[in-house]
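Undergrad: Structure in structure tokens, see below.
The values are calculated or read from the model by the stated rules, or taken from the named source; none is laboratory data. Here the structure is a predicted model, which means the values were calculated and not measured. As a convention, Cβ positions derive from the backbone with ideal geometry for all residues, glycine included, and neighbour counts pool all protein chains shown.
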Amino acid sequence: MISLIIPVFNAERFLRQCLDSVKSQTFKDFEVILVDDGSTDSSGLICDEYCVSDNRFHVIHQDNQGVSSARNKGIEAAQGEYVYFADSDDSLRPETLEHLYAAIRQGDYDIAASGFSIVKDGVEVDKCIIPEGKPIVYSSDEALSKLLKDEDLVFFVCWNKLITKTLVDEVKFENINQEDYLFCASLYLRLRSLVYLNESLYMYIDRPSSLSKEFSYIGPHKTVAVLARLSEEIPKERKVSRALLLNRLMRGLRTSSYLISNAESLSHNEKEAYLETCKTLYKTHKKEFFFHPAISLKDKIKMVVWKIFPKLLSKYFDLSRLWK
């Protein structure tokens, strides 16, 4: 059996579409754990309605604690051999569970992942590694490298993956921004192998967010915080992954500190607080970064130049390239 875990918070406008896409699955052996995270609209009532009409649906009502807490509560309640996460304002294709289940059962895999579509203004854009290609198998190190290289969105979201319950039980969502990234990294550290299907099996509905547009410096700075947290998880013995992490973290510090310094919406004290965080992370990781044999001399020189002439580096290097 598969346990679908869906956190719900004030999603009355989109929730029925999501739940109907679940009911339409060609694979029938599943349960749905709906976690109503303190909704103040009719979302809780809609969850109750589906539970009455279909005994595969179950709901947990709790006070608002955030998406990480809601997902963890769903994991605790799940009875299936496999776990699948979905967001309450997105949709699944009818064959999603069937295809992922068939894939994960064909080999010694802990995770079956798929591509997905981003739907904006009624237009779908597929996000696949090799569209129409054959399934690809990744080891633990390979999956972690994909995540740390930021090569494809499919590796750092939780809602395009069918995961063995035994693996999920080893990892919990933390109450941190970009919790998906840290959760997936923790999974990859522990898995035996992951099979990726070059199919778009999940529909992510892109809805406008004025917050992300207004505070452009926040995204990179949040990612820096997640990478710093991840540095506590990846052991130094995993040299390749460790080098990728350090390189990404240092590039993130460059970008984050530049954007914060030039953010007009921040006060002087706020800037100082953010920049102090960047400075502390740099001091914590600089020795390992500069002495790591797997990090190129070019990347080390970039960091030296940045520390001496931060504005010069920002002028001659595209920030988006520095971040990636």
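Undergrad: Which residues, taken from the range 289-324, are at pLDDT below 70 and surrounded by fewer than 12 Cβ atoms within 10 Å (Cβ to Cβ)?
TA: Selection gives Lys311, Leu312, Lys315, Tyr316, Asp318, Ser320, Arg321.
Undergrad: Out of (1) touching a residue at least 12 places away in the same chain (Cβ under 8 Å); (2) under 24 Å from Glu237 (Cβ atoms), the odd one out for Lys146 is which?
TA: Answer for Lys146: the failing condition is (1).
Undergrad: May I ask you to list the residues in the range 234-269 that are surrounded by 15 or more Cβ atoms within 10 Å (Cβ to Cβ) and modelled with pLDDT of 90 or more?
TA: The answer is Ile234, Arg238, Ser241, Arg242, Ala243, Leu244, Leu245, Leu246, Asn247, Arg248, Leu249, Met250.
Undergrad: Here's something else I'd like to know. Restricting attention to the range 119-143, which residues are in a strand (DSSP E or B), β-branched (Val, Ile, Thr) and surrounded by fewer than 16 Cβ atoms within 10 Å (Cβ to Cβ)?
TA: Hits for the range 119-143 are Val123, Val125, Ile136, Val137.
Undergrad: Would you point out which residue out of Tyr50, Tyr84, Tyr109 is surrounded by 17 or more Cβ atoms within 10 Å (Cβ to Cβ), modelled with pLDDT of 95 or more and part of a loop (DSSP other than H, G, I, E, B)?
TA: Tyr109
Undergrad: Return yes when Ala143 is farther than 14 Å from Tyr202 by Cβ and within 14 Å of the chain's Cα centre (by Cα) and no when it is not.
TA: yes
Undergrad: If you don't mind, another one. Determine which single condition Gln65 fails, assuming it passes every other condition in (1) in contact with a Phe, Trp or Tyr (Cβ under 9 Å, 6 or more places away or on another chain); (2) part of a loop (DSSP other than H, G, I, E, B).
TA: (1)
Undergrad: Let me ask another. Restricting to the range 270-281, give me the number of residues that are at pLDDT 90 or above and under 23 Å from Asp150 (Cα atoms).
TA: Within the range 270-281, residues that are at pLDDT 90 or above and under 23 Å from Asp150 (Cα atoms) number 1.
Undergrad: Suppose the filter is out of contact with any Cys (no Cβ under 8 Å at 6 or more places or on another chain), surrounded by fewer than 22 Cβ atoms within 10 Å (Cβ to Cβ) and either in contact (Cβ under 8 Å) with a residue 24 or more places away in the chain or at positive phi (or both); does Asn198 pass it?
TA: Judged against the criteria, Asn198 is not a match.
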